[in-house]
Each structure stands twice: as C-alpha cells, then as structure tokens.
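Below: the structure, in structure tokens.
Every number here is computed from the coordinates shown, using simple stated rules; none is lab data. Note that the structure is predicted; figures quoted are calculated from it, not measured. No Cβ is skipped: glycine too gets one built from the backbone with ideal geometry, and neighbour counts run over all protein chains shown.
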Amino acid sequence: MTTTAMRPSARGRTGTVGRSASVRRRLKFQGDLLGTAGTAVVVGSIALWTNGGGIHTMAALGGVATSLGRLTGLVASAMLLLQVLMMARIPWVERVWGQDQLARRHRWIGFGSFNLMIAHIVLITIGYAQAAGVNILGQAWDLVINYPGMLLATAGTVAILLVAFSSMKRARRKLRYESWHLLHLYAYVGVGLALPHQLWTGKDFLSSTFATVFWWTLWAAAAGAILIFRVGLPIVRSLRHRIVVSAVVPESPGVWSVVMTGRRLDRLGLQAGQFCQWRFLSGKGWTRAHPYSVSADPTADRIRITIKVLGDGSAVAPSLPVGTRVVIEGPYGVMTADRRNRRDVLMIGAGIGITPMRALAERIVREEPSEDLGTRRPPQVTVLHRIPNWADGTFAEEFNQLSAWSNLRVVPLVGHRVPGGSFFPGPERVDPVWALTSLVPDVADREVYLCGPRPFMTQVRTTLGAAGVDPANIHAEEFGW
Ligand SMILES: Cc1cc2nc3c(=O)[nH]c(=O)nc-3n(C[C@H](O)[C@H](O)[C@H](O)COP(=O)(O)OP(=O)(O)OC[C@H]3O[C@@H](n4cnc5c(N)ncnc54)[C@H](O)[C@@H]3O)c2cc1C
C-alpha cells in the first residue's frame with residue numbers, strides 16, 4: 001500500500017557524489033584517529049607497567065610470572081574498557097565505523113582481552129606461589145579469600161567467562177537473541193566487579209599520579225559514555241522530539257508500516273538508509289528495543305519504518321494504537337547516500353531487507369542532477385529485490401510510482417532458495433556473475449548497497465567482487481546480530 005505522496009518536484013536535493021569524496025576522507029581520518037587513540041591506550045598501559053618497575057621486578061623470586069601477570073592484567077583491563085567505549089553507541093564513533101564494523105572489532109578485542117585476563121590469573125597465581133614457596137592451588141585459594149577485592153574480581157571473572165562462552169559461534173547459534181543479549185549485559189557486571197581489586201591490590205593503578213589519572217580517566221570515560229549515550233541521550237531525544245505513532249498500514253503479508261510524527265525530526269540527523277532502536281510504549285515488550293530501518297526518506301515531521309512480524313517484539317506492530325509514545329535510540333548505520341563515490345547505484349535487498357533500499361532509492365532519485373562527474377544527468381538506480389513469492393514484493397506499488405518519473409528500475413528476483421544455489425532464482429547452476437552482469441552490465445561502475453541475512457550477504461559480496469565491484473564501493477547492513 002502506498003503511504004507516501006511522491007511527486008517529482010517534492011524535494012530537490014543537490015547531488016552528493018562530489019561531496020562524498022570529502023565525506024569519505026573525513027571519515028577515514030576520523031577512523032584513523034580513533035584507531036590511534038585506542039592503540040595509544042594499550043601502549044599507555046604497557047608504558048605505565050614499565051614505569052612502575054615491570055621489568056625491574058622480574059629479577060625477584062617468582063618475579064617473571066608475577067610481572068608478566070601484571071602486564072597481561074593491565075592490557076586486558078585497557079582492552080575491556082575500550083570495548084565498553086566501542087559499544088557505548090557514541091554517535092561520532094557509530095558514524096565513523098558503523099555497527100557492523102564495530103561489532104567485528106568488539107569481537108576481536110573481546111576475545112583478545114579475555115585471553116589476556118586468563119593469562120593474568122594464571123601467571124599471577126604461579127608468580128605468587130613461587131615467591132611464597134607454596135603449591136599453586138593453595139595460592140589460588142589464598143588469593144581469592146584473603147586479598148582485598150579478590151572475591152568480587154572472581155565473581156566478575158565468572159560473569160566475563162559466561163559472556164565469552166556465549167559469544168562463541170557454536171553457542172551463539174543455539175541461543176535466542178534475548179538470552180544472548182541478557183548474558184552479554186553481564187559483561188558490565190564483570191568489568192565493574194574487577195575495579196576494586198585493581199584499586200586495592202593493583203600496584204600499577206597507584207604507582208604514580210599519572211598512572212592514577214590515566215586509569216581513572218579510562219574508567220570514568222567508559223562509565224560516562226554508557227550513562228550518557230545509552231541512557232541519557234535516548235531519554236532526552238525522545239522527550240524533545242515527542243515521537244508518536246500516527247498510522248499503522250499493511251504493506252504485504254505479515255509486513256506493516258508504522259508512520260510516526262514528532263517535533264523537529266530533522267534535528268535527529270536521521271538519513272535514508274539508517275536505522276534506530278525503537279521502543280513503543282504501548283504496554284508489554286517496551287523494555288526491549290528493536291532495530292528497524294527507515295523505509296521512507298525522513299522529513300522534519302514524519303518518519304516511517306516497516307516491520308515484518310517474526311516474533312514477540314515485532315508482533316506488536318499491527319496493533320499499535322495511534323498516539324503511542326515512542327522512545328528512539330540512534331540514528332545508526334553507514335548505508336547513506338552521502339558516502340557514495342559513484343553517481344549510479346545498484347541496491348540488492350533480500351525480503352524485508354528492502355526497507356532501507358526503499359528510503360535510499362527515494363532519496364537518491366530526488367537528487368538534483370549535478371556536475372559531479374563531468375556530466376549533468378540524474379543518477380541511474382537499479383534495485384534487485386530477492387523474494388520467495390510475488391506477494392512478498394513489499395513497496396512494489398511505491399517503486400512503480402517512483403520509477404514513473406525517475407531513472408529507477410526495480411527487478412524482483414522471485415523464487416524459493418535452493419540449498420547450495422545462487423542468490424538468483426532459477427536453475428540451480430545459474431552463474432550469479434553472469435546473471436548479475438546481464439541485468440546490470442555497468443555494475444563495476446556503480447555504488448552498491450546491500451541488505452539482508454548473513455549468508456545472502458556473503459554470497460552477494462563474492463559475486464560483486466567477481467563482477468569487478470571495488471569493496472570500498474559496497475555499503476551493507478546485516479539484519480542480524
Ligand atoms: C540494523 C538492523 C535493521 C533492521 N531493520 C529492520 C526493518 O527495517 N524491518 C524489519 O522487519 N526488521 C528489521 N530488522 C530485523 C528486526 O530487528 C528483527 O526482526 C526483530 O528485532 C525481531 O524481533 P522479534 O522479537 O519480533 O523476533 P524474535 O523471534 O525475537 O527474533 C526473530 C529474528 O530476529 C533476530 N533479532 C531479534 N531481536 C533482534 C535485535 N534486537 N537485533 C538484531 N536481530 C534481532 C533474531 O535473531 C531472530 O533471527 C533489522 C535488524 C537490524 C540488525
């Protein structure tokens with residue numbers, strides 16, 4: 001069903017292709033800056049260990065193990081706090097790296113800090129046992145029971161162990177999102193419980209004024225970022241913009257659009273192609289936020305999202321009363337028009353992964369023709385929509401209306417998936433590169449936007465690579481966790 005009035009003259013926008021080069025340069029610079037800051041924190045913790053006598057104390061009995069144990073503990077702490085900062089949803093960090101990249105880095109740093117934490121526990125126990133001339137198990141017991149803050153740190157370690165095990169691929173596959181998410185919150189408990197033992201027994205924390213300032217700043221930054229960006233900002237924004245549901249509209253089987261209005265929504269900085277975490281204050285279920293992409297180019301007083309009913313959270317969509325208050329966290333996501341390098345665009349979406357494409361297509365075809373690449377013509381936009389049945393062609397009518405006056409072409413790829421087959425429907429052995437380049441011969445010269453479940457995205461990326469698309473020109477959002 002059509003929910004957006006679309007006229008060619010509705011809103012002209014200046015072309016973004018020329019601007020995107022500077023946007024990319026700026027983001028690259030900011031990304032490098034963030035990477036350097038993170039590395040500096042880790043290097044700083046090592047420097048403080050050296051400065052606090054880390055190498056010197058190795059000469060004592062059990063000194064090598066104890067000193068290396070201190071080093072691994074410090075680096076593990078620094079990495080744990082960096083992780084907290086990375087997942088604090090700091091808008092600037094989100095804009096530079098996006099959640100996909102942040103989650104990948106978070107995973108990498110997470111397992112690194114976990115391994116170092118285990119090394120810390122083992123090495124310190126061995127070192128203390130050697131120094132005292134007692135057995136390792138007795139020393140471990142003594143450390144936990146008699147050293148200040150160590151009982152709390154042990155509880156924290158158990159919490160972090162739970163998080164690490166539940167993050168392993170095998171365990172993740174077996175867990176529901178809710179259970180995994182709840183377990184993941186234990187990481188905050190784990191990090192918090194580790195603080196007292198650093199304060200009370202960690203020599204390096206207090207070895208110099210500089211060390212104390214360094215560690216307290218890191219702790220305060222991590223705690224402050226969580227409170228400000230995950231709690232404060234969403235509350236302030238939701239109160240300020242007063243977003244409420246204004247209509248709920250059926251789109252296709254099991255798919256509903258939720259249209260919302262509010263005050264000065266343009267100040268949210270939300271762009272077509274992005275998503276937010278949404279909570280509808282209509283009763284049960286509001287405690288759990290859900291990510292949904294905007295499915296129409298947002299305006300100063302209107303936002304639309306489109307929801308496929310899958311489980312308990314999305315099931316509330318069809319019956320949301322008009323006037324329901326909405327709490328919003330975001331915007332997030334890096335699949336925006338201003339990041340593109342090329343004027344012409346290919347969008348590939350699977351199933352409900354068409355939502356950000358619908359908004360982006362509207363945004364891009366409304367750009368004013370610009371001189372960006374030497375010629376003055378509007379962008380060519382091709383959308384490939386992978387769906388199992390024709391009835392699942394969400395937004396087919398709206399796409400038709402947009403195509404009527406623009407260079408937009410929408411190609412539904414209809415058919416059920418064949419296990420081991422390509423993402424193109426049809427005979428099992430269809431060559432996806434041939435199929436793609438037959439449909440979009442200039443694919444290598446286009447910017448590509450991609451959205452859907454992980455296996456689909458992996459397959460499409462491989463095909464795009466084989467068709468000559470530069471990975472830097474692919475922007476993707478995965479509808480998963
Ligand atoms: C960046 C992003 C943008 C999305 N945009 C849209 C959209 O525009 N329209 C739409 O219909 N769906 C979108 N989704 C998927 C949507 O968030 C889930 O379908 C929804 O949260 C399911 O919740 P549920 O309780 O109804 O179902 P459940 O039965 O709890 O889950 C159904 C599926 O959704 C996954 N899921 C559940 N909660 C989350 C979560 N918080 N984050 C990520 N995955 C989750 C589960 O792993 C499961 O595979 C998006 C997901 C992401 C990550």
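So what's the gap between the Cα centers of the range 404-481 and the range 310-355, to the nearest angstrom?
Taking the Cα centre of each part, the range 404-481 and the range 310-355 sit 19 Å apart.
What are the ³J(HN,Hα) values, in whole Hz, obtained from phi via the Karplus relation 6.51 cos²θ - 1.76 cosθ + 1.60 with θ = phi - 60°, for each residue of the range 215-226 in sequence order, with x given for Gly and Pro?
Rounded to whole hertz, the list is 5, 5, 4, 5, 4, 5, 5, 5, 5, x, 4, 5.
Which whole-number percentage describes the relative contact order of the chain, with Cα contacts under 8 Å and a sequence gap of 6 or more?
In percent, rounded to a whole number, it is 15.
Pick out, from PHE111, PHE479, PHE229, the residue whose Cα sits farthest towards the positive end of the charge dipole of the chain, with +1 on the Cβ of Lys and Arg and -1 on the Cβ of Asp and Glu.
Result: PHE229.
Step through the table entries LYS169/LYS308; LYS28/LYS203; LYS174/LYS284; LYS28/LYS174, compare each Cα-Cα distance with 29 Å, and write down the pairs that go over it.
LYS28/LYS203; LYS28/LYS174
For ALA466 paired with LYS203, estimate the spin-label separation in nm (one decimal), with each label point 7 Å from Cα along the Cα-to-Cβ line.
6.0 nm
If I fit a long axis through the Cα atoms of helix 177-201 and take the longest principal axis of the Cα atoms of the chain, what angle between them do I get, 0 to 90°, rounded to 10?
That works out to roughly 30 degrees.
Of VAL411, VAL213, VAL84, VAL42, how do they rank once you tally other Cβ atoms within 10 Å and put the fewest first?
VAL213, VAL411, VAL42, VAL84
Once both axes come from the Cα atoms, what is the angle between helix 355-365 and the longest principal axis of the chain, in degrees from 0 to 90, rounded to 10?
Around 60 degrees separate the two axes.
Spelling out what I want: for every residue of the range 443-456, take phi, set θ = phi - 60°, compute 6.51 cos²θ - 1.76 cosθ + 1.60 (Karplus), and round to whole Hz; glycine and proline get x.
Values per residue, Gly and Pro as x: 4, 5, 9, 10, 7, 10, 10, 9, 8, x, x, 4, x, 4 Hz.
Would you work out the relative contact order for the range 52-236, in percent, from Cα pairs under 8 angstrom that are 6 or more residues apart?
That works out to 27 percent.
Just flag the trypsin sites (Lys or Arg not before Pro) in the range 294-402 sitting in loop per DSSP whose Cβ has no more than 16 other Cβ atoms within 10 Å.
In loop regions of the range 294-402 (DSSP not H, G, I, E or B), the sparsely surrounded trypsin sites (Lys or Arg not before Pro) are ARG376.
Shape of the chain from its Cα gyration tensor (a ≥ b ≥ c, root eigenvalues): rounded if a/c is under 1.5, otherwise prolate when a/b > b/c, or oblate?
Taking the square roots of the gyration eigenvalues as a ≥ b ≥ c, the chain is prolate.
Taking the Cβ-Cβ separation of VAL244 and GLU397 as r and a Förster radius of 30 Å, what is the calculated FRET efficiency to the nearest 0.05?
On the way: r = 26 Å, r/R0 = 0.87.
Rounded to the nearest 0.05, the efficiency is 0.70.
Just to be sure I understand: of the beta bridges DSSP finds with both ends in the chain, what percent are antiparallel, rounded to 5?
50 percent
Round to the nearest 10 and give me the degree value, 0 to 90, for the angle of helix 63-86's Cα axis relative to the longest principal axis of the chain.
30 degrees
Counting only GluC sites (Glu not before Pro) that are in a DSSP loop and have at most 11 other C-beta atoms within 10 Å, tell me the longest site-free stretch of the chain.
It works out to 1-370.
Only helical DSSP H runs with n ≥ 4 go in: add -39500 (n - 2.57) per run for the chain, normalise by residue count and round the 222 nm mean residue ellipticity to 500 deg cm²/dmol.
-16000 deg cm²/dmol, from helical runs alone.
Between VAL231 and HIS184, what FRET efficiency follows from the Cβ-Cβ distance if R0 is 22 Å, with the result rounded to 0.05?
On the way: r = 17 Å, r/R0 = 0.75.
My answer for the efficiency is 0.85.
Short version: ³J(HN,Hα) in whole Hz for each residue of the range 266-281, in order, from phi by Karplus 6.51 cos²θ - 1.76 cosθ + 1.60 (θ = phi - 60°), x for Gly and Pro, what are they?
5, 6, 6, x, 7, 10, 3, x, 9, 9, 10, 9, 10, 10, 9, 8
Mind checking the dipole of the chain: about its Cα centre, +1 per Lys or Arg Cβ, -1 per Asp or Glu Cβ, Debye to the nearest 20?
Details: 51 positive and 30 negative charges, 124 e Å.
Charge dipole of the chain: 600 debye, to the nearest 20.
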